[in-house]
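Comments concern the structure below.
The values are calculated or read from the model by the stated rules, or taken from the named source; none is laboratory data. Predicted model only: the values in this text are computed from it and were never measured. Every residue, glycine among them, receives a Cβ derived from its backbone with ideal geometry; neighbour counts consider all protein chains shown. Just so you know, the surface numbers come from the protein's heavy atoms only, side chains and all, with ligands and any DNA or RNA stripped out. Shrake-Rupley method; radii C 1.70, N 1.55, O 1.52, S 1.80 Å.
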Amino acid sequence: MHSESLLNNLYYAIVKAEEAAEHSMSVPFFHNIPFFSIFLVMIVAIILPLVKNGRVALSISAISAAVVTVMSAVLLYNVYQTGESFDFAMGHFPAPWGNELRAGVLEALMATFISFVMVLCILGGFRIAMNDIQPEKQNINALMLNMLFASIIALIYTNDVFTAYVFIEIGEITACAVAMTKETGKGIVATIRYLIMNSMGSGLFLIGISIMYTITGQLLIPDMANAVANLIQTGEYNTALSVAICLITVGIGVKSALFPFHTWLSWAHANATTASMCISSGLVLKGYIILLIKLILRVFTLDYVNHINLTLGLLIFGLIGMVYASVRAIKEKNSKRMVAFSSVAQIGYIYMGIGIGTEYAIAAACFQILAHAVTKPMLFTSVGQFCAARGEKEEWHDLKGVARNKPLAGIAYTIGSLSMCGVPLFAGFSAKYYLSASAVESGEPFALWASLIIIGVSAVLNAMYYLPSTILIWSRTDKDEKKADIIPSPKAYNFSTICFIALNFLLGLAFTPIFKLIEKGLEMLTQ
């Protein structure tokens, strides 16, 4: 059976290679952008160890991410104008002998947002990284950040599940490296916990795709999708298929901090540098979820995951995570850990959207991905500025009145808090609106009432820890602050914060066209 499959794949590869050779001269230039984006970031990562100046190394990282942002925006414009998605065979060698990338509106939109947020995260935590990391290791930290960024972009564009696994592993290793760059005892312990949990998630994912390959003989996503459709129609390997899908989903759930697999996140993020916290919470987790959404829509199909009640499980765990993590955040006295627990709650919103099990709900989950990606890094960078202004003290009682010393950070934290609470005009409100609308649109009584009730409860719980902390940072202290007491923030931080605020308002005010863009991307994804 496998020898016959191998011969078929070989014949298929030869035919596709001939077609690719004939077609290569007529391929529009923007089709190369996904490959160039990944290749550029990885090449920059390779040369960074030769750059001994850490400030220069981080600057190069920010510039490369900015270039990827521009390329991704160009790609988004072109695929939107043409209305077509495309596959790109790297080196023009088709799978299984080469790797394929795929790009459409959804991939280009996510890559544009994530690349721009990557730039802002590096700039927002630039000075703190210079202070927290030993000078001789700053270029290595920049290398790891670039490889982490490359893994996220690859997960967005990949058209091959084994390539996805390779970049999942690259992302795991580099995320561990950036999590322990401060080299504190707590940071090392948190990194070990992170490594154990994420290795478990990677193992489950690998077992799942191994089973999928055994029963389908395919690793390329379109071919695997066709094979899975045939298995569903014939009923062959039904149990193995269900087990494989569940293993893949749980593996990604572990890596993206879905409740109850979230225990590593608060420790790992709270003990990392500011830039590492922003990237890990705002971007890395989203790369895994985007991959899961692509697999559900293109390979597993919504009908089948609903049939095996996988979406129901994701819905329940997402709803529980929204409440549990918010309660933990209310009890948390450490500022960074509180914001980290808030990330677990926001991940719950995303999985709630996926768990509702409709394309409209998944579009709402994608909007939540964008809203969280532009809001959470803003909160982390603001908290990082607060702690730096108070001699690296992280407890909330030590941060009273700190926004009077750091007014821009205080404004950013306030906007981020209001967004997390779902106040209109901000990104968080738009995301909660679409998630609520998707619950109503689903027509399922449990999904409708459970989602609406928990969204309301979660919004109240968010207010119970974000609003008191916001009031605290603006409160007067025993010593009235004067203008001379105001500590100027780095220019790079000021620029990144203003951009984060603008992005938050963009998603809060121009949410309709952005949501329509997401819906078009999902429609292209399922074609």
Ranked by how many other beta carbons lie within 10 Å on average, peptides 445-458, 242-255 from highest: 242-255, 445-458
Derived scalar couplings ³J(HN,Hα) [the range 36-47; Karplus, 6.51 cos²θ - 1.76 cosθ + 1.60; whole Hz; x for Gly, Pro]: 4, 4, 5, 4, 4, 5, 5, 5, 4, 4, 5, 8
Peptides 69-78, 359-368 ordered by average Cβ neighbours within 10 Å, highest first: 359-368, 69-78
Carbon and sulfur %, accessible surface of the chain computed with the full protein complex present, 1.4 Å: 67 percent
Mean accessible surface per residue for the range 306-454, computed with a 1.4 Å probe while every protein chain stays in place, in Å²: 29 Å²
Charge context of G357, other residues only, Cβ under 10 angstrom, K/R +1, D/E -1: -3
Cβ-based net charge around I156, under 11 Å, with every Lys or Arg adding one and every Asp or Glu removing one: +2
Net charge over other residues, Cβ less than 11 angstrom from the Cβ of A225 (K, R count +1; D, E count -1): +1
Sorted peptide list for 329-335, 30-36, 141-147, criterion being average Cβ within 10 angstrom, highest first: 141-147, 30-36, 329-335
Where a label projected 7 Å from the Cα of I471 along Cα→Cβ would reach, residues of the range 372-410 with amide N under 20 Å: 395-405, 410
Simple spin-label estimate for A240 and E392 in nanometres, 7 Å along Cα-Cβ: 5.4 nm
Helical contribution to [θ] at 222 nm, DSSP H n ≥ 4, -39,500 (n - 2.57), averaged over the chain, rounded to 500: -25500 deg cm²/dmol
Amide H contacts of K393 (H built 1.01 Å from N, under 5 Å, at least 5 apart or other chain): none
Gain on full stretching of the segment that runs from E359 to N309 - 0.36 nm per residue minus C-alpha separation: 16.4 nm
Exposure of E519 as accessible area (Å², to 10), given a probe of 1.4 Å and all protein chains: 60 Å²
E136-I46 pseudo-label distance in nm [points 7 Å out on the Cα-to-Cβ vector]: 2.7 nm
Label selected from (1) 16, 31, 23, 12, 9, 6, 3, 1, 0; (2) 23, 57, 18, 1; (3) 20, 42, 28, 10, 0, the criterion being P(r) over Cα pairs in 20 Å bins from 0, in percent as computed here: (2)
Relative contact order (percent, whole number), the chain, Cα cutoff 8 Å, 6+ residue spacing: 15 percent
Residue-wise HN-Hα coupling along the range 469-475, computed from phi with Karplus coefficients 6.51, -1.76, 1.60 (Hz; x: Gly, Pro): 5, 5, 5, 4, 5, 9, 5
Per the chain, cysteines lacking a partner by the 4.7 Å Cβ criterion: C176, C246, C366, C387, C421, C499
Modelled FRET efficiency - R0 45 Å, F29 with N53, Cβ distances, 0.05 increments: 0.85
Residue-by-residue Karplus 3J(HN,Hα) for the range 309-322, coefficients 6.51, -1.76, 1.60, Hz, glycine and proline x: 6, 5, 5, 4, x, 5, 4, 5, 5, x, 5, 4, x, 4
Flagged links, alpha-carbon separation over 25 Å, of K294/K336; K137/K331; K331/K376; K336/K520: K294/K336; K137/K331; K336/K520
